[in-house]
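*Asks:* First the structure, which I've put down as structure tokens, then a few questions once you've had a look.
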Amino acid sequence: IRGVDGVTFVVIINGVQEKIRLIGVDTPETFDSRGTPQCLGEEANVFAKSLLENQTVRLEADASQDDRDKYGRLLRYVFLVDGTLVNSEIIRQGYGHEYTYRRPYKYQTEFKNAELSAREAGKGLWAPDACGVANII
């Protein structure tokens, strides 16, 4: 029903609101501990919302990962009706990077390849002038 940030959003499951955290991807924060946005944080947030808000999605758990994170969010892969894997699409478009938390996961190779593709194409985070300076991520 609404986006929270580039990797977190709220859905309704059987009449109950749940926060979802995308598995295998991390995006810049819209605000860091100093209260300032990280490079491309807002853009990543807007992109994720453009994919997810007001959409019907299919959620997929991963037995190799915990069901919930330390904040109580469900950890899931998210698919749009057309089959787009949102987690991967965020990486592929350069709004996030592959992120492994503790253990390998089902789509890890696909996500690493998506990041490599975004890097090679200079998309988003990997653009030479993404943050107004030479990008060395």
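The values are calculated or read from the model by the stated rules, or taken from the named source; none is laboratory data. Quantities reported herein were computed from a predicted structural model and do not represent experimental measurements. Positions of Cβ are generated from backbone atoms using ideal geometry, with glycine treated the same way; all protein chains shown enter the neighbour counts. For accessibility, only protein heavy atoms count, side chains too; no ligands or nucleic acids. Shrake-Rupley method; radii C 1.70, N 1.55, O 1.52, S 1.80 Å.
*Asks:* Among the residues in the stretch 19-30, are any over 21 Å from Arg92 (Cα atoms) and of a type in the set (Ser, Thr, Tyr)?
*Replies:* no
*Asks:* Still on this structure, please answer the following. For the stretch 90-105, what are the residues that are among the charged types (D, E, K, R) and buried (at least 19 other Cβ atoms within 10 Å of the Cβ)?
*Replies:* Of everything in the stretch 90-105, those that are among the charged types (D, E, K, R) and buried (at least 19 other Cβ atoms within 10 Å of the Cβ) turn out to be Arg92, Glu98.
*Asks:* Quickly run through the stretch 1-38 and pick out the residues that are modelled with pLDDT under 90 and closer than 25 Å to Pro104 by Cα. Show your work before the answer.
*Replies:* The initial filter retains those residues of the stretch 1-38 that are modelled with pLDDT under 90, namely 1-6, 28-38.
Across the stretch 1-38, the qualifying residues are Asp5, Gly6, Pro28, Glu29.
*Asks:* Related question: Only residues that are farther than 14 Å from Asn87 by Cβ and without any contact (Cβ under 8 Å) to a residue 60 or more places away in the chain: list them for the stretch 6-29, please. Reasoning before the result, please.
*Replies:* Filtering the stretch 6-29 down to residues farther than 14 Å from Asn87 by Cβ leaves 10-19, 28-29.
Across the stretch 6-29, the qualifying residues are Val10, Val11, Ile12, Ile13, Asn14, Gly15, Val16, Gln17, Glu18, Lys19, Glu29.
*Asks:* Related question: Any residue at all in the stretch 40-47 that is part of a loop (DSSP other than H, G, I, E, B) and open to solvent by 60 Å² or more (accessible area, probe 1.4 Å)?
*Replies:* Going residue by residue through the stretch 40-47, those that are part of a loop (DSSP other than H, G, I, E, B) are 40.
With the extra rule that they be open to solvent by 60 Å² or more (accessible area, probe 1.4 Å), the set shrinks to none.
No, the stretch 40-47 has no match at all.
*Asks:* Return yes when Lys106 is in a loop (DSSP other than H, G, I, E, B), modelled with pLDDT of 95 or more and closer than 23 Å to Asp66 by Cα and no when it is not. Outline the logic, then answer.
*Replies:* On the way: in a loop (DSSP other than H, G, I, E, B): yes; modelled with pLDDT of 95 or more: yes; closer than 23 Å to Asp66 by Cα: yes.
For Lys106, the condition - in a loop (DSSP other than H, G, I, E, B), modelled with pLDDT of 95 or more and closer than 23 Å to Asp66 by Cα - is met.
*Asks:* Check Ser117, Ser50 and return the single one that is at negative phi, surrounded by 14 or more Cβ atoms within 10 Å (Cβ to Cβ) and in a helix (DSSP H, G or I).
*Replies:* Of Ser117, Ser50, the one residue that is at negative phi, surrounded by 14 or more Cβ atoms within 10 Å (Cβ to Cβ) and in a helix (DSSP H, G or I) is Ser117.
*Asks:* Quick check on this structure: which one of Arg68, Arg76 is touching a Lys or Arg at 6+ places or on another chain (Cβ under 9 Å) and either buried (at least 21 other Cβ atoms within 10 Å of the Cβ) or touching a residue at least 40 places away in the same chain (Cβ under 8 Å) (or both)? Working first, answer last.
*Replies:* Working: Arg68 fails: either buried (at least 21 other Cβ atoms within 10 Å of the Cβ) or touching a residue at least 40 places away in the same chain (Cβ under 8 Å) (or both).
Going through Arg68, Arg76 in turn, just one is touching a Lys or Arg at 6+ places or on another chain (Cβ under 9 Å) and either buried (at least 21 other Cβ atoms within 10 Å of the Cβ) or touching a residue at least 40 places away in the same chain (Cβ under 8 Å) (or both): Arg76.
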